[in-house]
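A quick write-up on the structure given underneath.
Derivation of every value follows stated rules applied to the coordinates shown; laboratory data play no part. Remember, predicted model here, so these are calculated numbers, not experimental data. Don't worry about glycine lacking a Cβ; one is built from the backbone with ideal geometry, like all the others, and counts go over all protein chains shown.
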Ligand code: EPZ
């Protein structure tokens with residue numbers, strides 16, 4: 001199994017580019033199932049999760065090809081409706097095929113996703129939305145079986161904001177008969193991107209950027225082509241790398257409008273930020289100030305940056321409190337950071353981070369995608385050598401992170 005060996009070095013400087021957003025590309029890939037023909041996605045990075053989704057689409061009958069950063073999906077023939085356990089088990093976002101399969105074929109069988117390193121993560125809201133649209137759902141032998149002669153538009157109220165359930169509901173409702181309204185829908189930029197993609201396919205969705213989305217069902221959709229949005233979480237991770245450095249770092253190919261709150265928190269920690277259209281330069285502070293954060297649905301602070309921001313707070317001059325309200329158990333990185341001599345205690349869903357003068361390199365283990373990114377940042381900021389095992393987690397969501405960070409001065413070897 002591969003590992004990262006990191007020689008601590010806080011003298012990062014230069015320009016680091018951001019890739020396309022995994023969490024916008026996954027739904028777009030699933031959405032391709034809605035229309036026969038070939039759709040094309042641009043700005044697609046090389047990520048394990050996207051390979052897993054490609055594999056799943058192929059199992060369903062689609063032809064998927066990647067050339068450089070262009071992904072083509074030919075969904076002319078969809079001859080299976082089953083998302084098997086082996087793939088759903090690898091990646092929960094496999095559940096994104098549920099809505100499109102139901103809409104196109106009237107039937108879907110998707111393995112029930114289990115828990116994962118960041119918590120139990122139920123899918124009840126996905127199922128509630130499908131049922132509201134008229135699907136008959138049963139769960140048997142670890143599989144969700146869904147059937148509908150024809151989906152019919154409905155009013156759907158989400159009791160909780162859910163990115164995945166909103167996306168699945170959108171993808172099912174676009175071909176339903178009549179009008180569907182989603183209330184308390186999620187508003188993440190990845191939802192907007194999915195709406196743009198579906199509308200380019202011929203869907204009629206309005207309300208983008210709000211919590212109420214209205215979908216007028218259409219008879220059929222057609223394939224399309226779209227440039228994928230930049231990954232705001234990768235951008236945020238690199239901004240935090242810059243904040244931990246001793247020199248300025250410029251993050252390019254990003255969308256600053258998607259990072260308002262993370263940027264506000266970085267400013268509160270003492271960073272100066274220079275924001276341009278598609279780039280942000282972070283000037284790190286001499287002394288990092290403690291800042292509290294609470295993760296919330298967008299436009300709140302993203303849970304996907306919680307672990308990385310915690311690393312910054314490990315070196316702050318004082319105590320900060322980091323609360324995760326989205327995934328209350330998402331603190332697997334804490335024990336590993338404490339191995340690097342951070343001083344963090346977790347009670348329920350709040351980490352109390354007491355800043356230390358320095359982190360000290362050690363052997364640690366990656367437990368999930370964002371926790372791994374946090375450990376990479378901590379390894380760069382620590383004195384001495386850090387070895388991170390199980391780095392396959394990081395390849396799920398970051399395209400050659402070590403190459404990108406090494407280009408601005410980090411010393412990371414994959415072995
Ligand atoms: C998406 O997961 C992202 N994944 C996650 O990113 C991200 O952490 C999360 O949204 C929150 O922003 C993808 O986009 C592929 P949710 P998702 O449904 O859709 C509860 C990463 O590192 N809930 O918005 O699964 C749930 O338990 C990943 O890239 C239900 O109760 O998240 C959570 O508390 C990790 N029932 C809250 O809602 C449901 O049916 C929000 O989850 C669904 C969710």
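Once every Cα of the chain carries one equal point scatterer and solvent is ignored, give the base-10 log of I(q)/I(0) from the Debye formula at q = 0.11, 0.12 Å⁻¹, two decimals.
-0.79, -0.93
Rounded, prolate or oblate: which one fits region 22-218, using the alpha carbon gyration tensor with axes a ≥ b ≥ c (rounded when a/c is under 1.5, else prolate when a/b beats b/c, else oblate)?
Because its axes are fairly even, with a/c under 1.5, region 22-218 counts as rounded.
If packing is taken as the average count of other Cβ atoms within 10 Å, what order do 219-229, 371-381 fall into, highest mean first?
For the peptides 219-229, 371-381, the packing ranking is 371-381, 219-229.
For helix 189-200, what angle does its Cα long axis make with the longest principal axis of the chain, in degrees from 0 to 90 and rounded to 10?
Between the helix axis and the principal axis of the chain, the angle is about 30 degrees.
At a 10 Å Cβ-Cβ cut-off, how would you order 358, 22, fewest neighbours first?
358, 22
Starting with the highest mean, order 193-201, 96-104, 395-403 by the number of other Cβ atoms within 10 Å, averaged over the residues of each peptide.
Those peptides, ordered most packed to least, come out 96-104, 193-201, 395-403.
Given the C-alpha centroids of region 27-71 and region 352-386, what is the distance between them in whole angstrom?
34 Å
Starting from the Cα of residue 400, step 7 Å along the direction of its Cβ; do the same at residue 358; then give the gap between the two resulting points in nm.
3.3 nm
DSSP beta bridges in region 196-348, what fraction antiparallel, as a percent rounded to 5?
Counting DSSP beta bridges with both partners in region 196-348, the antiparallel share is about 70 percent.
Can you give me the angle between helix 369-381 and the longest principal axis of the chain, using Cα atoms only, in degrees from 0 to 90, rounded to the nearest 10?
Taking the Cα atoms of the chain, the angle to 369-381 is about 20 degrees.
Sorting 32, 271, 116 on the 10 Å Cβ count, fewest up front, what's the list?
Ascending number of Cβ neighbours within 10 Å: 116, 271, 32.
Is any residue of region 356-398 close enough, with backbone N under 18 Å, to a label point placed 7 angstrom from the Cα of residue 13 along the Cα-Cβ axis, and if so, which?
So the set is 381.
Let me check against my output: what whole-number percent is the relative contact order of region 248-312, with C-alpha pairs under 8 Å and at least 6 apart?
Normalised by residue count, the contact order of region 248-312 is 31 percent.
Which shape class applies to region 156-281: rounded if a/c is under 1.5, otherwise prolate when a/b exceeds b/c and oblate if not, where a ≥ b ≥ c are the square roots of the Cα gyration tensor eigenvalues?
Prolate, because a/c is 1.5 or more and a/b exceeds b/c.
For 183, 327, what ranking results if the residue with the fewest other Cβ atoms within 10 Å of its Cβ goes first?
Taking fewest neighbouring Cβ atoms as first place, the list is 183, 327.
Which whole-angstrom value gives the distance between the alpha carbon centres of region 78-149 and region 196-224?
The two parts, judged by their Cα centres, are 21 Å apart.
Rounded to the nearest 0.05, what FRET efficiency is calculated for residue 317 and residue 149 with R0 set to 51 Å and r the Cβ-Cβ distance?
The pair residue 317/residue 149 has a calculated efficiency of 0.20.
From largest to smallest, what semi-axes in whole angstrom does region 22-81 give when each is the square root of 5 times an eigenvalue of its alpha carbon gyration tensor?
17, 12, 10
For region 273-386, take every pair of Cα atoms, bin their distances at 5 Å starting from 0, and report each bin as a whole percent.
2, 12, 22, 24, 20, 13, 6, 1
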